[in-house]
């Protein structure tokens, strides 16, 4: 899809967006245009509205002001152009579902009624399993898999409809470093090979820092948007928080010190995370 000038049309457009919770405004005046293949990290302390932003893009929570369009269309629930990857949560060990069954839910889940298998479904599931590196445990029960293996399957689910926009809600939480790298590689490959845009909520920028094009940092009802070099500066975050905040480099990692009511952290408030449906 292209615009009138023949350029690729934006995948996501937010115009004058504002979100309110009760009588408190989470953020306002957000103008965000995301191009195909762009990787945007969303940072900020707990309660700043990061996950709520994803819910609004998914059509689950309306903005209090402004508009959101995905691939040129107003947002709506069940948009096949959007893939959603949630935070890793353990699956009960006695679950009888196999790994391939979990991925198949992404292939069959958008159909009305009971999701009966269609011709070609198995081949599609096999291709998704291969894409996320899960072929060798495809027939194992999901409850017996590691957290990293389960998370690869969730990524496979999200990729089932070949989405043009991937919404990632802290998908690396609770994963060890090797699995953080593996899951990030899969997501990054999707945007490089298929042009999918990525909106990636995270409490730690370091695992994805080398892949990020822009950062949306939300704090205290305000936000800053720019490249990592523009945003991750002592001066910029001090202004955003309204109190002295320092961005330090420790080897190849960035650490932010001085965020109000928080311990030193990896470019984000690490004490609480946005889980479950609201930020």
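Which residue is farthest from residue 46 (Cα to Cα), if the candidates are limited to region 221-264 and must be modelled with pLDDT of 85 or more and assigned to a loop (DSSP other than H, G, I, E, B)?
This residue is 227.
May I ask you to say which residue of 89, 100, 69, 24 is farther than 29 Å from residue 230 by Cα and surrounded by fewer than 18 Cβ atoms within 10 Å (Cβ to Cβ)?
None of the others qualify; the one that does is 89.
Considering only residues that are under 17 Å from residue 32 (Cα atoms) and surrounded by 15 or more Cβ atoms within 10 Å (Cβ to Cβ), which ones fall in region 228-250?
Taking region 228-250 as the starting set, the residues that turn out to be under 17 Å from residue 32 (Cα atoms) are 228, 230-231.
Residues satisfying the conditions are 228, 231.
Does any residue of region 28-47 turn out to be over 25 Å from residue 184 (Cβ atoms), out of contact with any strand residue (DSSP E or B) (no Cβ under 9 Å at 6 or more places or on another chain) and either assigned to a loop (DSSP other than H, G, I, E, B) or touching a residue at least 40 places away in the same chain (Cβ under 8 Å) (or both)?
no
Check whether at least one residue in region 118-128 is at pLDDT 90 or above and out of contact with any helix residue (DSSP H, G or I) (no Cβ under 9 Å at 6 or more places or on another chain), and report yes or no.
yes
Is it the case that region 15-26 has a residue that's modelled with pLDDT under 95 and assigned to a loop (DSSP other than H, G, I, E, B)?
Yes, the conditions are met somewhere in region 15-26.
Tell me the residue from 11, 75 that is touching a strand residue (DSSP E or B) at 6+ places or on another chain (Cβ under 6 Å) and buried (at least 21 other Cβ atoms within 10 Å of the Cβ), please.
After ruling out the rest, the residue left standing is 11.
Give 153, 166 a once-over and let me know the one that is touching a residue at least 40 places away in the same chain (Cβ under 8 Å), in contact with a strand residue (DSSP E or B) (Cβ under 8 Å, 6 or more places away or on another chain) and crowded, with 22+ Cβ neighbours inside 10 Å.
166
Let me confirm something: among 143, 120, which residue is without any contact (Cβ under 8 Å) to a residue 40 or more places away in the chain and either surrounded by fewer than 16 Cβ atoms within 10 Å (Cβ to Cβ) or farther than 30 Å from residue 216 by Cα (or both)? So that I can check it myself, show each step before the final result.
Details: 143 fails: without any contact (Cβ under 8 Å) to a residue 40 or more places away in the chain.
Being without any contact (Cβ under 8 Å) to a residue 40 or more places away in the chain and either surrounded by fewer than 16 Cβ atoms within 10 Å (Cβ to Cβ) or farther than 30 Å from residue 216 by Cα (or both) holds for just one of 143, 120, which is 120.
Given the structure, is residue 225 in contact with a strand residue (DSSP E or B) (Cβ under 8 Å, 6 or more places away or on another chain), under 21 Å from residue 49 (Cα atoms) and crowded, with 18+ Cβ neighbours inside 10 Å?
Judged against the criteria, residue 225 is not a match.
Being touching a strand residue (DSSP E or B) at 6+ places or on another chain (Cβ under 9 Å) and surrounded by fewer than 19 Cβ atoms within 10 Å (Cβ to Cβ) is the requirement here; does residue 213 meet it?
yes
Being farther than 30 Å from residue 34 by Cα, outside any loop (DSSP other than H, G, I, E, B) and out of contact with any strand residue (DSSP E or B) (no Cβ under 8 Å at 6 or more places or on another chain) is the filter here; which residues of region 118-148 pass it?
121, 122, 123, 126, 135, 136, 137, 143, 144, 147
Condition first: free of Cβ contacts under 8 Å to residues at least 60 places away in the same chain, in contact with a helix residue (DSSP H, G or I) (Cβ under 7 Å, 6 or more places away or on another chain) and within 25 Å of residue 47 (Cα to Cα). Can you find one or more residues in region 191-200 that meet it? Step through it out loud before you land on a result.
First, pick out the residues of region 191-200 that are free of Cβ contacts under 8 Å to residues at least 60 places away in the same chain: 193-194.
Restricting the remaining residues to those that are in contact with a helix residue (DSSP H, G or I) (Cβ under 7 Å, 6 or more places away or on another chain) gives none.
Among the residues of region 191-200, not one is free of Cβ contacts under 8 Å to residues at least 60 places away in the same chain, in contact with a helix residue (DSSP H, G or I) (Cβ under 7 Å, 6 or more places away or on another chain) and within 25 Å of residue 47 (Cα to Cα), which makes the answer no.
Quick check on region 161-190: of everything there that is assigned to a strand (DSSP E or B) and touching a helix residue (DSSP H, G or I) at 6+ places or on another chain (Cβ under 6 Å), which residue is nearest to residue 36 (Cα to Cα)?
Filtering region 161-190 for residues that are assigned to a strand (DSSP E or B) and touching a helix residue (DSSP H, G or I) at 6+ places or on another chain (Cβ under 6 Å), the one nearest to residue 36 (Cα to Cα) comes out as 167.
The values are calculated or read from the model by the stated rules, or taken from the named source; none is laboratory data. On a predicted model such as this, the values are computed, not experimentally measured, just so you know. Using ideal geometry, Cβ is built from the backbone for each residue, glycine included, and neighbour counts are taken over all protein chains shown.
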